[in-house]
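J.: Handing you a structure now.
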Amino acid sequence: MAHAPSAASGTSASRHSASRQPSATAIVGLQWGDEGKGKIVDALASRFDIVARYNGGANAGHSVVVGGERFALHLIPAGILHKGKPAVVGCGTVIDPDWILKEIDGLIARGIDCSNLMISDRAHVVMPWHKHEDELREKWLAAKSVEPIGTTKRGIGPCYADKVQRGTAIRIGDLLRPEQLATKLATTAPFKTAVLSAMAQGGDTSAFHYDQAELLKHAAMWASRLKPYITDTSGFLLDQIDTGKTVLLEGANATLLDVDHGTYPYVTSSTTCSLGAPTGTGIPLSSVGAILGVMKAYSTRVGGGVMPTELIATEADRTLADKIRTRGREFGTTTGRPRRVGWLDLVAVRYSVRLNGCTGLCVMLLDVLEGIDTLRICTGYRDASGKDVPFVPDANWLSNVQPVFRDVPGWHGDISGARTMAELPAGARAYLDLVEEFLGVPVAMVSIGPGREQLIHC
Ligand code: IMP
């Protein structure tokens, strides 16, 4: 319950905010990404005043199908598809200006109004050296026979690392202060030239010569084109919340890729779970009321790292994985890489549900499982001795667990036309009941196809 401020508690604005009801809802992925968060954001955006993205960069890929047209969004929140709605890219994101400009141009070319896009002046700029370092580090691991992280090579990790290092970081707001930017580049460009050339280990080091003058010129282009969108989004959001506006918080990547709480080290470099929403936008924790967890009806993963329920051991497994991959279009929106496919892992999802504090679930891509006689759901883990063990977010731990499956009957017949739960076959409803019961959180929405209209509100 909101607690009443004392008479001495300050201005009317602070009294107002202390008695305010939570006005933000967070959307988070519960698995390893690509759960369909973009579609849920798109479905809910009209009920909120603002949509704000809080983490990640061009590593994310949200695809939304509107009127048969597919929109692949990487940095811009899916809320942009709702005319007139502020779409905020928050301070917790890392932005490759060339990417976001390409995305803006692509949307405008398709008739989408981007004038309500707002980019945080505190978000960090992904510079060319971040992408180069990402690639070099992955190559280094592979050369040492260590499984690479399997990054998207979009410079995400090195950019977040510079943010924490501070001295060599560049923020979006710096683009609007050319003199300050010139000073930063004067220190950073030679430093990065030296470091990356050394990392290249005698390879073609000319590839890592960062010319200050050229960079400054390119940054001036970024600044002139991005200027209309750059602002103090954190201040904007606080002001909006104070006047009772509602915010939909769009998480990118997913919980099991969270840098602290995911399957480390095979994770991304940001706080992807709901805990990242306040810090990545600058709104208070107490303003987040509802947290919707988005999960696929099965599991997928791109890049390295263990996935306990992966369909990979036998020829039959791999054939089934291919079938699911094709039906679910399980190829990276960002990199085009085929996604690894596995049975639904409710042990991992339950971990995510608890960590995020989910208040509702969205089960996506249920239609993809149609026509499989027996479906398997992982409801426990065992170690080599047969002892029950919990989910621990650590790659080493997970590589030593064996999934315990519950087999359930599948269903036959196309479900993509269903618009109510009652229209789903008994097998599909039973599958959802099991999910809900195991996770202890109600299913709020079920997606049965890529289209905007192919969504059952429970
Ligand atoms: P990075 O974020 O590019 O550093 O990649 C780290 C890991 O996270 C890799 O395994 C990526 O494939 C994975 N990853 C990052 N973003 C996403 C996403 O939006 N969906 C799925 N996987 C992702």
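J.: Please determine, by comparing only the residues of segment 105-150 that are among the hydrophobic types (A, V, I, L, M, F, W, C) and in contact with a strand residue (DSSP E or B) (Cβ under 7 Å, 6 or more places away or on another chain), which one is most open to solvent (accessible area, probe 1.4 Å).
T.: Step by step, filter segment 105-150, then rank; the result is 118.
J.: In this structure, is residue 62 within 24 Å of residue 453 (Cα to Cα) and within 15 Å of the ligand (Cβ to nearest atom)?
T.: yes
J.: Can residue 314 be described as closer than 23 Å to residue 353 by Cβ and either crowded, with 23+ Cβ neighbours inside 10 Å or more than 16 Å from the ligand (Cβ to nearest atom) (or both)? Even if it seems obvious, please write down each step before you answer.
T.: Numbers: closer than 23 Å to residue 353 by Cβ: no; either crowded, with 23+ Cβ neighbours inside 10 Å or more than 16 Å from the ligand (Cβ to nearest atom) (or both): yes.
When the stated conditions are applied, residue 314 does not pass them.
J.: Related question: Read through the list (1) within 14 Å of the ligand (Cβ to nearest atom); (2) out of contact with any Pro (no Cβ under 7 Å at 6 or more places or on another chain); (3) touching a residue at least 60 places away in the same chain (Cβ under 8 Å), then give the number of the only condition that residue 96 fails.
T.: The single condition residue 96 does not satisfy is (3).
J.: May I ask you to list the residues in segment 240-270 that are touching a His at 6+ places or on another chain (Cβ under 9 Å), crowded, with 24+ Cβ neighbours inside 10 Å and not in a strand (DSSP E or B)?
T.: If the condition is that a residue be touching a His at 6+ places or on another chain (Cβ under 9 Å), crowded, with 24+ Cβ neighbours inside 10 Å and not in a strand (DSSP E or B), then 252, 255, 267 are the ones that fit.
J.: Please verify whether segment 203-224 includes one or more residues that are touching a residue at least 12 places away in the same chain (Cβ under 8 Å), in contact with a Leu (Cβ under 7 Å, 6 or more places away or on another chain), more than 16 Å from the ligand (Cβ to nearest atom) and small (Gly, Ala, Ser).
T.: yes
The values are calculated or read from the model by the stated rules, or taken from the named source; none is laboratory data. Please read these numbers as outputs of a predicted model, since none were measured by experiment. Heads up, the Cβs are rebuilt from the backbone with ideal geometry, glycines too, and the neighbour counts pull from every protein chain shown. Remember, those area values only see protein heavy atoms, side chains included, never the ligands or the DNA or RNA. Shrake-Rupley method; radii C 1.70, N 1.55, O 1.52, S 1.80 Å.
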